[in-house]
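Novice: Attaching a single structure in structure tokens format; questions to follow.
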Amino acid sequence: GEVLDGQLAYWKERLAGAPELLELPTDRPRPPVQTYRGAPAPMEPPLELLERPQRLARSEGATLYMTLLGAFQVLLSKYAGSEDVVVGSPIAGRTRGEVEELIGLFVNTLVLRADLSGDPSFRELLRRVRGVTLGAYEHQEVPFEKLVAELQPERSLSHSPLFQVMFTLQDAGGGGGALPGLKVGGVGAAMEIAKFDLSLTLTATAQGLRGGLNYSTDLFE
């Protein structure tokens, strides 16, 4: 009803005229059909590259997520030669206290569009990214599949609709586990698939940012 109509109206206005494809320079021509073959490029930047964005975020009333997202979108803008950069990002979808501790997948995908026109300073861009991100949070309940169906972008088997680059900042959590006598840790998976052209996944830990890029081997060396 009216709730859905209002949420859809926001996204239709926000994404009107957005580019269908982020034209990054690739090592190979884009194939007509995605194979989803991928590879990882891990990264462990120094602790300073966590602390400095945290300080900047606090000074601008933003979050670490917003700051890193803005920096990533600036980088993509430079490579693609575009002032209009669209990135996808997952959101937990647990907007009610009653579901916080439930087992299950509530994740949705947000489409975050950055306007880099006018050669803004990074602080100005961060304010823009903050506004876009908060607006997306307020309208996060439209399922991504529903959004694609409503916006009806030109579909292609060669790339995903609405965005081709994903950004994720994960919470490292408390770690450990609570069972006596057991040590619990994560086991990384071999990322030999790529759902998108590029995916940047980072985790903020006590040692700094950890994570890396996952990339389509159809496109990039």
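Novice: Taking the residues in segment 56-95 that are touching a Ser or Thr at 6+ places or on another chain (Cβ under 6 Å) and crowded, with 16+ Cβ neighbours inside 10 Å as candidates, determine which candidate is nearest to GLY17 (Cα to Cα).
Specialist: VAL85
Novice: Name the residues in segment 77-95 that are at pLDDT 95 or above and either more than 23 Å from PRO153 (Cα to Cα) or outside any strand (DSSP E or B) (or both), would you?
Specialist: Within segment 77-95, SER77, LYS78, TYR79, ALA80, GLY81, SER82, GLU83 meet the criteria.
Novice: Starting from residues that are part of a helix (DSSP H, G or I) and charged (D, E, K, R), keep the ones in segment 96-132 and report whichever is surrounded by the fewest Cβ atoms within 10 Å (Cβ to Cβ).
Specialist: In this case the residue turns out to be GLU98.
Novice: Conditions: (1) in a helix (DSSP H, G or I); (2) open to solvent by less than 80 Å² (accessible area, probe 1.4 Å); (3) hydrophobic (A, V, I, L, M, F, W, C). LEU22 meets all but one. Number of the miss?
Specialist: It is condition (1) that LEU22 fails.
Novice: Within segment 40-50, is even one residue more than 23 Å from THR217 (Cβ to Cβ), in contact with a Phe, Trp or Tyr (Cβ under 8 Å, 6 or more places away or on another chain) and open to solvent by 50 Å² or more (accessible area, probe 1.4 Å)?
Specialist: no
Novice: Where residues in segment 40-65 are part of a helix (DSSP H, G or I) and under 14 Å from THR203 (Cα atoms), which of them is modelled with the lowest pLDDT?
Specialist: Within segment 40-65, the match that is modelled with the lowest pLDDT is LEU49.
Novice: Of the residues GLU150, GLU141, GLU154, only one is assigned to a helix (DSSP H, G or I), modelled with pLDDT of 90 or more and not polar (S, T, N, Q); which?
Specialist: None of the other options fit; the residue is GLU150.
The values are calculated or read from the model by the stated rules, or taken from the named source; none is laboratory data. In this text the structure is predicted, and so the values were computed from the model without any measurement. For neighbour counting, all protein chains shown are included, and Cβ atoms are generated from backbone atoms with ideal geometry for every residue, glycine included. Ligands, DNA and RNA are excluded from the accessible area calculation, which covers all protein heavy atoms including side chains. Shrake-Rupley method; radii C 1.70, N 1.55, O 1.52, S 1.80 Å.
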